[in-house]
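These notes concern the structure reproduced below.
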Amino acid sequence: MDFTYDEQQTAFRKALRTFVDKEIVPVANEWEKTGRYPTEIVDHMKAMGLFGITTPEEYGGLELDKVSFTLVYEELARGWMGIAGIVGSHNLSCWMIAKHGTDEQKQSLLPKLATGEWRTGVGLTEPGAGTDLQGIKTTAKRDGDHYVVNGAKTWITNARHANVLPVLVKTDTSATPPHKGMSLLLIDTTSEGFEVQRDMGKLGYKGTESCEISFDNVRVPVDALLGGVEGRGLQQALSGLEIGRLNIAGRSVGIAQAAYDAALQYAKERTAFGQPIAEFQAIQLKIADIATQLQAARLMTYWAASQADSGKRVDMEAGMAKYFASEAAITASLEAMRIHGGYGYSTEFVVERLYRDAPLMAIGEGTNDIMRTVIAKSLVAGTSVIG
């Protein structure tokens, strides 16, 4: 049992931390307030290869191990969670294409996506279907050598910057159960009838856009069907979300780390009644709680990632990591705000942003209530064992 990074992971973490501290931390608050898109940061992430972390090396990607994968999101979210979202949805899409795509799809898309020359995201959620993906209404009807797509998606990250977007559709609306009639189409976003309707207003998760998009008789070539076989879309999407939960767990650890760092520094610098508030037991207890939950979340996240590296399914492990780490992030951001007192409520201090970013981690890639049911089902079925 080894709780340390290997040499390569240590060097990679150092490079990430240097990048975040130099390029992201100094501008995050200001750029978020002004709504400025982080173009320079995106360009730097392209140069670092972060748009290819799930893409196989043969297509120009880094194909990171899963612990290094979570490190990317931990470090980026420590600086600005919205930045982590830009590469999060992109690399989830790349992972699905690499795992499920045809040889032609991999060869034509992955080299451009790995460098960030092309961008992507994932089109799953709809206005009336989020957790219940089998309830989607977007359809794709076969018409010769094309599908004709109609419907809408919402909360789509990278929608305005994507060149190609995997979209979950119903290719057979009469299938029972519904998932047997669901497929993923790799839709060219320049297609006639594809439209980004609007950017969603959000409490946090800024720096990247989350959009509503519509499909009005969008014609999509049949060879854009992911994997080339209808009826496998939901399974393909869920396999991606399994790995995506490691992404969310990593982001949660990053938020919690930023909250801890801010709280500890402020407690040492702020004085009251003639001494730093870090000398008061009430503040010390809060710092101890944040630190303990943070480290537990980090270790659980790396454990889940290492299990994924072993080649096994990690429904329970990733679910546990995402659930625990996201709750730790929410608690850490709130306690850090309390330690800051009135300043914690000010947009001039980072904890206010962390407090707004953290709740999304309990929702994204499946709500925490869903995570609990995933964990329980794995345990009851005996596919996973504790103890």
Worksheet item: Would you call LYS106 surrounded by fewer than 18 Cβ atoms within 10 Å (Cβ to Cβ) and either in a helix (DSSP H, G or I) or not small (Gly, Ala, Ser) (or both)?
Response: no
Response to the item:
Note on region 213-257: residues in a strand (DSSP E or B) and on the phi > 0 side of the Ramachandran plot are ASN217
Worksheet item: So, in region 361-373, of the ones that are β-branched (Val, Ile, Thr) and under 16 Å from ILE248 (Cα atoms), which residue ends up nearest to the chain's Cα centre (by Cα)?
Response: ILE363
Practice prompt. Quick one: LEU203 ticks every box in (1) in a helix (DSSP H, G or I); (2) touching a residue at least 60 places away in the same chain (Cβ under 8 Å) except a single one, so which number is it?
Written response: (1)
Discussion item. Looking at region 241-262, can you tell me whether even one residue there is under 30 Å from ASN150 (Cα atoms), touching a His at 6+ places or on another chain (Cβ under 7 Å) and buried (at least 20 other Cβ atoms within 10 Å of the Cβ)?
Written reply: no
Discussion item. If the requirement is being in a helix (DSSP H, G or I), closer than 22 Å to ARG356 by Cα, of a type outside the set (Lys, Arg) and in contact (Cβ under 8 Å) with a residue 60 or more places away in the chain, which of these qualifies: TYR260, TYR302?
Written reply: TYR260
Worksheet item: When both residues are 6+ apart or on different chains and their Cβ atoms are under 7 Å apart, which pairs have a first residue that lies in region 216-228 and is farther than 12 Å from VAL169 by Cα and of a type in the set (Lys, Arg), and a second that is surrounded by 14 or more Cβ atoms within 10 Å (Cβ to Cβ) and at pLDDT 95 or above?
Response: ARG219/HIS146; ARG219/VAL148; ARG219/SER191
Worksheet item: Does THR54 satisfy being under 28 Å from VAL229 (Cβ atoms) and not in a helix (DSSP H, G or I)?
Response: yes
Practice prompt. Taking LYS137 as meeting all but one of (1) assigned to a helix (DSSP H, G or I); (2) over 21 Å from the mean Cα position of the chain (by Cα), write down the number of the exception.
Written response: (1)
Practice prompt. Restrict the check to region 9-23 and report whether at least one residue is in contact (Cβ under 8 Å) with a residue 12 or more places away in the chain and under 18 Å from the mean Cα position of the chain (by Cα).
Written response: yes
Discussion item. For region 146-175, which positions are farther than 16 Å from GLU195 by Cα, in a loop (DSSP other than H, G, I, E, B) and out of contact with any Asp or Glu (no Cβ under 8 Å at 6 or more places or on another chain)?
Written reply: THR173, SER174, ALA175
Response to the item:
Per the filter on region 25-47, residues over 19 Å from HIS161 (Cα atoms) and either open to solvent by 60 Å² or more (accessible area, probe 1.4 Å) or within 19 Å of the chain's Cα centre (by Cα) (or both) are VAL25, PRO26, ALA28, GLU30, LYS33, THR34
Worksheet item: touching a helix residue (DSSP H, G or I) at 6+ places or on another chain (Cβ under 9 Å), of a type in the set (Lys, Arg), at pLDDT 95 or above and open to solvent by 50 Å² or more (accessible area, probe 1.4 Å): does that describe ARG232?
Response: yes
Worksheet item: Any residue at all in region 57-72 that is among the aliphatic types (A, V, I, L, M) and within 19 Å of CYS211 (Cβ to Cβ)?
Response: no
Worksheet entry | Check on MET316, open to solvent by 10 Å² or more (accessible area, probe 1.4 Å), in contact (Cβ under 8 Å) with a residue 12 or more places away in the chain and not aromatic (Phe, Trp, Tyr) | no
Practice prompt. Being hydroxyl-bearing (Ser, Thr, Tyr) and out of contact with any helix residue (DSSP H, G or I) (no Cβ under 6 Å at 6 or more places or on another chain) is the filter here, so list the residues in region 271-305 that pass it.
Written response: THR271, THR292
Worksheet, complete the sentence: The one condition ALA98 fails out of (1) loosely packed, with under 15 Cβ neighbours inside 10 Å; (2) not in a loop (DSSP other than H, G, I, E, B) is (1)
Worksheet item: What is the one condition in (1) of a type in the set (Ser, Thr, Tyr); (2) surrounded by fewer than 17 Cβ atoms within 10 Å (Cβ to Cβ); (3) touching a Pro at 6+ places or on another chain (Cβ under 7 Å) that SER174 does not satisfy?
Response: (3)
Worksheet, complete the sentence: Per the filter on region 325-351, residues assigned to a helix (DSSP H, G or I) and surrounded by fewer than 20 Cβ atoms within 10 Å (Cβ to Cβ) are GLU327, THR331, LEU334, ARG338, GLY341, GLY342, TYR343, TYR345
Discussion item. I'd like the full set of residues that are free of Cβ contacts under 8 Å to residues at least 12 places away in the same chain and of a type outside the set (Lys, Arg), limited to region 28-42.
Written reply: GLU30, THR34, THR39
Worksheet, complete the sentence: All conditions in (1) in a strand (DSSP E or B); (2) open to solvent by 50 Å² or more (accessible area, probe 1.4 Å); (3) under 23 Å from GLU57 (Cβ atoms) are true of LYS112 except (1)
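The values are calculated or read from the model by the stated rules, or taken from the named source; none is laboratory data. What you are looking at is a predicted structure, and each value in this text was computed from that prediction instead of being measured. Quick reminder, even Gly has a Cβ in these numbers, built from the backbone with ideal geometry, and neighbours come from all protein chains shown. Each accessible area value is taken on the protein alone, full model and side chains, heavy atoms only, with ligands, DNA and RNA left out. Shrake-Rupley method; radii C 1.70, N 1.55, O 1.52, S 1.80 Å.
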